[in-house]
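Quick notes on the structure that follows.
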Amino acid sequence: MVRRVKLHHLCRVEEIDLETGKEAMVRTASGNRYVALFNVAGKVCAYLNTCPHQGRSLNWAPDRFLFGEDGTLVCPHHGACFEITSGECISGPCEGASLTPAEIKIIDGQVLLADHQLLP
């Protein structure tokens, strides 16, 4: 038996602000799940919106992520810095850890999330 992957609509590519990113929410049976989306030179990078340090969100306000002068994503809670394209923490309290990538597909300009990413 082949299991079909259900895809959940997160947003359209053009809705991802080039300077501040975008947070998208998906409702699940076990609660809401949040995804952090970034458009880096035309490539969409997506991660579960959870810092590996303490499990807190990476945005400081809805749809607002903080970036360092070098372009790294900065966790607003404890200052961990992440490379956007790899998700790796390059400095801060969780250095060496990585953000959890979100498996997305882009179809006709829509950013879609695979349902297995929604597990707790």
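Applying the criterion of being of a type in the set (Lys, Arg) and under 29 Å from ILE90 (Cα atoms) to the residues of region 1-57, the residue that is modelled with the lowest pLDDT is ARG33.
The residues of region 51-71 that are among the polar types (S, T, N, Q) and buried (at least 18 other Cβ atoms within 10 Å of the Cβ) amount to a single one, ASN59. Residue pairs whose Cβ atoms lie under 9 Å apart, separated by 6 or more positions or on different chains, with the first residue in region 21-40 and free of Cβ contacts under 8 Å to residues at least 40 places away in the same chain and surrounded by fewer than 19 Cβ atoms within 10 Å (Cβ to Cβ) and the second in a strand (DSSP E or B) and of a type in the set (Val, Ile, Thr), are MET25/VAL35; ASN32/VAL26; TYR34/VAL26. For the subset of region 92-106 comprising residues that are of a type outside the set (Asp, Glu), over 24 Å from GLY31 (Cβ atoms) and touching a residue at least 12 places away in the same chain (Cβ under 8 Å), which member is surrounded by the most Cβ atoms within 10 Å (Cβ to Cβ)? The qualifying residue surrounded by the most Cβ atoms within 10 Å (Cβ to Cβ) is GLY92. Looking across region 39-59, just one residue is of a type in the set (Val, Ile, Thr) and either touching a Gly at 6+ places or on another chain (Cβ under 6 Å) or within 14 Å of ALA97 (Cα to Cα) (or both), and that is THR50.
Of the residues making up region 72-87, those that are under 22 Å from LEU18 (Cβ atoms) and surrounded by fewer than 15 Cβ atoms within 10 Å (Cβ to Cβ) are THR85, SER86.
The values are calculated or read from the model by the stated rules, or taken from the named source; none is laboratory data. Note that this is a predicted model, so its numbers are computed, not measured. Cβ atoms come from the backbone with ideal geometry, glycine included; neighbour counts cover every protein chain shown.
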